[in-house]
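J.: Structure incoming, see below.
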Protein chains: 4
Amino acid sequence: MGGTTTSAGATRATSRGRIDKRQAILDAAFTVFADRGYARAGVEEIAEVAGVAKHTVYNHLGDKENVFHAAMEATGNAVMAENVAAAEHLAMDGAADPDAVRSRLEDVANRLLVQCCDPRSWALRRLLNAESASFPDLLESVWGHGADRLRQTLADRMARLSLAGVLRTCDPVEAAEQFLALLTGPMEARSQFGTRPVPEAELRGVVNAAVSTFLRAFQSDHLSATASAAAS
Amino acid sequence: MGGTTTSAGATRATSRGRIDKRQAILDAAFTVFADRGYARAGVEEIAEVAGVAKHTVYNHLGDKENVFHAAMEATGNAVMAENVAAAEHLAMDGAADPDAVRSRLEDVANRLLVQCCDPRSWALRRLLNAESASFPDLLESVWGHGADRLRQTLADRMARLSLAGVLRTCDPVEAAEQFLALLTGPMEARSQFGTRPVPEAELRGVVNAAVSTFLRAFQSDHLSATASAAAS
Amino acid sequence: MGGTTTSAGATRATSRGRIDKRQAILDAAFTVFADRGYARAGVEEIAEVAGVAKHTVYNHLGDKENVFHAAMEATGNAVMAENVAAAEHLAMDGAADPDAVRSRLEDVANRLLVQCCDPRSWALRRLLNAESASFPDLLESVWGHGADRLRQTLADRMARLSLAGVLRTCDPVEAAEQFLALLTGPMEARSQFGTRPVPEAELRGVVNAAVSTFLRAFQSDHLSATASAAAS
Amino acid sequence: MGGTTTSAGATRATSRGRIDKRQAILDAAFTVFADRGYARAGVEEIAEVAGVAKHTVYNHLGDKENVFHAAMEATGNAVMAENVAAAEHLAMDGAADPDAVRSRLEDVANRLLVQCCDPRSWALRRLLNAESASFPDLLESVWGHGADRLRQTLADRMARLSLAGVLRTCDPVEAAEQFLALLTGPMEARSQFGTRPVPEAELRGVVNAAVSTFLRAFQSDHLSATASAAAS
DNA sequence: CATGAATGAGCATTCATTCAT
DNA sequence: AATGAATGAATGCTCATTCAT
């Protein structure tokens, strides 16, 4: 991999420069779209933020609409990958110790919540929400597999927890869905749709409340007895 | 004064005509804003939909931004009033019969969900979410007291259920918050941010799941025993 | 007409009210036109300043253009009357004493200059100048006889001074014209077209310079000899 | 500078094209502003007259107000340069022959008057007068140094004439000011603020009268004696 | 490929004017 | 006669997009 000639290096550098420029445009585009909205965002400002000429944006991505789609898809993938990665932390390598379950859930809940409260995450959801009426295909291409992947990943872990006897028998998809709802639902109001940062403490409160409620509802009965005994 | 019916009628008709026209503008404005977004919406189209001249809109509301604020505030109040009314159906006039509790919760959950899935409700949330970055005061003036009123109303009922021994001792605000989260959280994904209608059956499923989980987590222990026994 | 005293009184009062209102509109119109220009001035603002409803302006004067013409004519007449009155102060009741001539000229020059530097005068000239291209008839109807009347009045006095042997034989109209030119010409630059007030001292300087030059050019030779002897 | 390569030529052509377009816009702008006034003038018409698209005007000059300022400044400079050039013709290369002085003054007076009666000159003054209330900085930036430069140039020549014994000892600035006043003052009324052309003959009459009066007032005494003797 | 100049369409807003009361 | 509401036309300005270099 090191024996490239000069010309190859130059080519790679150029191509890398092209890729970098494209990425810079996409990043800039998402930034601008994020705090102006689709309609208010100007291609010129995107170009300025990206440090390229206006027309270069057109050369690379052809269209304002396409710039939008590409930028959304790109950051959508990035955000989703992080979310799924966070969800994958919910493993079952330990024993069925009730406290361990709780702390694991809290851990993954915390990770998920931090991801969800990331400004980029809020911006993504905001744009998705705002423009899904104007661009019906947007949801499918951006959120489409992503959201499902997160829910499915979480559902997988729930299923394994259920099989392991930690959680009671239940529909794992529903459990995952409600776990996420308990987690992210309260954030919308508290963070004012992401316009105001939520203090760390409040965030922890939400995590604890969500996990507590979730466990009360889904923990196996014999465990919940011990757990509630321990909690008291 | 009051002698002639005609003059009184005429006067009232005029004044009513003005009010009607203003209301027509606000309604039209919300409709147009709802499916175009703030920036894409044209004052001209609003006027057309309202059946008035473009300038009449300016005469009544002065400014596109102000039209937006007024329209949002108006439908925001309407939507919130309905939501609160739905929440107020959660009363405790019956005995502490577990089945009664469940069916009451399901009833109010259903009402709330129907409200939340109303296209106007989705549009309101979408616009609020989309434009709260551009108009920071919007949230306060539209959602501001409304959202709290819903949560507080629901919390009040939760507190009374708790006092009556139906629900276990808990923070009623948190309980209300999570009840709403379990209810509305899953809808966001299922209805694609409100762009696709959710079939009645699926809606009922969400209601049942939410109520079930909520009861499992918050019902008093001695009742939940009987309840689960009855459910099986 | 005049049958009942009451109705006549009422009528007269009403009619007076009408006249007052009309005058108020014209005054307000001139004020607004003066500091906004014709095109920028709004009928609404005129109505507000006059303290009447917008449509009342139309009732009284029919048209924005007509409002403008009427307002210009009215203040034009007023300004011109004052100017002519000032010019008429140049009388020859005294003897042909050189010093008396100078002081009389200075007196009338001062009066004329004060009139010309009146904000209303500047505004009138400014509007006349600005809009005479758009309304070709304006000059005729506003300045038309007025300007001539001033020049003729002044020329009359010059002629009498000439006949009295105080001024040398000359074309009195030309003398009047140049007298006015020497007087008002320097003011244009000094007062920045009337946008900045000219200090009293500078004003006197202009008067003195104008009168001196005028006398040097137009005083009878035998008098100018004595005058210059006296001045030295 | 003759051996330019093709690329240099192309570059120059392009850049010249840009400059030409900008100049075309400024010229068109002044024309339109001149016969419509600032407020009535439309950017669209300016663009049409200039033969460019409306937005090109904005690309080059950014703003209607800025278009106005730039156009005023440009023609202001041009007009003033011509005026100063005319004033500079008042030289003293000949002897102190009274007739020579008169003819020289008449020459320069004629040149100045021709400049002042140029439609562009009238338009410039009209706009300056009309809009100096709305744009207080306009006078400074357009007339500012220009008017002074003319007066100072003329004053310089007056001073040299005075030193040469042709004119009597006097304040040269005041002499210049009054010379201009005698020249341009009468034109305002006669040309109806520049709306009607003044016949050549009348123009000469004004020049002769102005020079005559000026000389009578400012020529050295011993010369004026000979001059008046010659004139009779 | 990257750029700067140019374009045409679209939009919020203002204003003189008319209608109904 | 006086008013307030309503209108249609006009205007400054922005923006996505294309052309020539």
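J.: Output needed: percent of Cα pairs per 10 Å distance bin for the range A:104-190, bins running from 0 to the one holding the longest distance.
T.: With a bin width of 10 Å, the distribution comes to 16, 42, 31, 10, 1.
J.: Quick one: which residues, 5 or more positions from B:LEU167 or on another chain, have an amide H under 5 Å from its amide H? H modelled 1.01 Å from N in the peptide plane, none for Pro or chain starts.
T.: The list, which skips near neighbours in sequence, is B:SER162, B:SER220.
J.: Quote the charge dipole size of the range B:72-231 about the Cα centre in Debye, to the nearest 20; the model charges only the Cβ of Lys and Arg (+1) and of Asp and Glu (-1).
T.: I would put it at about 320 debye.
J.: Still on this model: Note the distances from D:ARG196 to each other copy's matching label point, with points 7 Å along the Cα-to-beta-carbon direction, in nm, sorted shortest first.
T.: 3.6, 7.3, 8.1
J.: Count charges around A:VAL79 for me, please; just the other residues with Cβ under 10 Å from its Cβ, Lys/Arg as +1, Asp/Glu as -1.
T.: Local net charge: 0.
J.: Between A:GLU65 and A:SER103, what is the FRET efficiency for a Förster distance of 41 Å, r being their Cβ-Cβ separation, to the nearest 0.05?
T.: 0.35
J.: Let a ≥ b ≥ c be the square roots of the eigenvalues of the Cα gyration tensor of the range A:139-184; is it rounded (a/c under 1.5), or, if not, prolate (a/b larger than b/c) or oblate?
T.: Prolate shape, in that a/c is at least 1.5 and a/b is the bigger ratio.
J.: What is the Cα centroid distance between the range D:27-85 and the range A:27-59, reported in whole angstrom?
T.: Centre-to-centre distance over Cα atoms comes out at 33 Å.
J.: State log₁₀ I(q)/I(0) for the range B:26-65 at q = 0.14, 0.29, 0.33 Å⁻¹ as given by the Debye formula over alpha-carbon point scatterers of equal weight, solvent excluded.
T.: -0.23, -1.00, -1.23
J.: Net charge near D:ASP99, counting Lys/Arg +1 and Asp/Glu -1 over other residues with Cβ under 13 Å of its Cβ?
T.: That sum, taken over residues with Cβ under 13 Å, equals -1.
J.: Let me ask something else. Taking beta carbons within 10 Å but only from partner chains, what does the mean come to for residues B:177-190?
T.: Going residue by residue through B:177-190 and averaging, the value is 6.
J.: Continuing with the same structure: Please compare each pair in C:LYS21/C:LYS54; B:LYS54/C:LYS21; B:LYS21/B:LYS54 to a cut-off of 22 Å on the Cα-Cα distance and tell me which ones are over it.
T.: B:LYS54/C:LYS21
J.: Here is a further query. Per the Debye formula with a single identical scatterer at each Cα and no solvent contribution, what log10 I(q)/I(0) holds for the range C:72-231 at q = 0.10, 0.11, 0.18, 0.19 Å⁻¹?
T.: Rounded to two decimals, the profile gives -0.38, -0.46, -1.09, -1.19.
J.: Please give the total accessible area that chains D and C bury against each other, computed with a 1.4 Å probe and expressed in Å² to the nearest 100.
T.: That pair of chains buries around 3300 Å² in total.
J.: A follow-up question, please. Residue farthest toward the positive end of the dipole of the range A:65-231, with Cβ of Lys/Arg at +1 and Asp/Glu at -1: which of A:TRP143, A:THR169, A:GLY76?
T.: A:THR169
J.: Let me ask something else. Please work out the Kirkwood hydrodynamic radius for the range B:33-103, using every pair of different C-alpha atoms, and report it in angstroms with one decimal place.
T.: With all distinct Cα pairs of the range B:33-103 included, I get 15.2 Å.
J.: While we're here: Per-residue HN-Hα couplings for the range A:161-177, Karplus 6.51 cos²θ - 1.76 cosθ + 1.60 at θ = phi - 60°, whole Hz, x for Gly and Pro?
T.: Those phi angles translate into 5, 5, 4, 6, x, 7, 9, 5, 5, 6, 6, x, 5, 4, 4, 4, 4 Hz.
J.: Grab the residue from chain D whose Cβ hugs the D-to-B rotation axis most tightly, plus its distance in whole angstrom.
T.: D:GLU44, 10
J.: Taking K and R as +1 and D and E as -1, what net charge do the other residues with C-beta under 14 Å from the C-beta of D:VAL173 add up to?
T.: Cβ neighbours under 14 Å give a net charge of -1.
J.: Also: If you plug each phi of the range B:48-62 into the Karplus form 6.51 cos²θ - 1.76 cosθ + 1.60 with θ = phi - 60°, what whole-Hz ³J(HN,Hα) values come out, in order, with x for Gly and Pro?
T.: Result, ordered by residue: 4, 4, 6, x, 10, 7, 4, 5, 4, 4, 5, 4, 7, 10, x Hz.
J.: Follow-up. Quick one: with label points 7 Å out along Cα→Cβ, list the inter-copy distances for B:ASN59 in nm, shortest first?
T.: Going from nearest to farthest copy, the values are 1.8, 4.1, 5.4 nm.
J.: Starting at the first residue of the range D:130-145, write each ³J(HN,Hα) from the Karplus equation 6.51 cos²θ - 1.76 cosθ + 1.60 with θ = phi - 60°, in whole Hz, x for Gly and Pro.
T.: 5, 9, 5, 6, 7, 10, x, 7, 4, 4, 4, 6, 9, 7, x, 6
J.: Do you know the relative contact order of the range D:65-231, to the nearest whole percent, from alpha carbon pairs under 8 angstrom that are 6+ apart?
T.: Contact order relative to length: 29 percent.
J.: Would you calculate the separation in nanometres between label points at D:ALA78 and A:ARG36, each defined as 7 Å from the Cα along the Cα-to-beta-carbon direction?
T.: Output for this residue pair reads 3.7 nm.
The values are calculated or read from the model by the stated rules, or taken from the named source; none is laboratory data. These numbers come from a predicted model, not from an experiment. Because the Cβ atoms are built from the backbone with ideal geometry, glycine has one as well, and the counts that use them run over all protein chains shown. These accessible areas exclude ligands, DNA and RNA; they are computed on the full protein's heavy atoms, side chains included. Shrake-Rupley method; radii C 1.70, N 1.55, O 1.52, S 1.80 Å.
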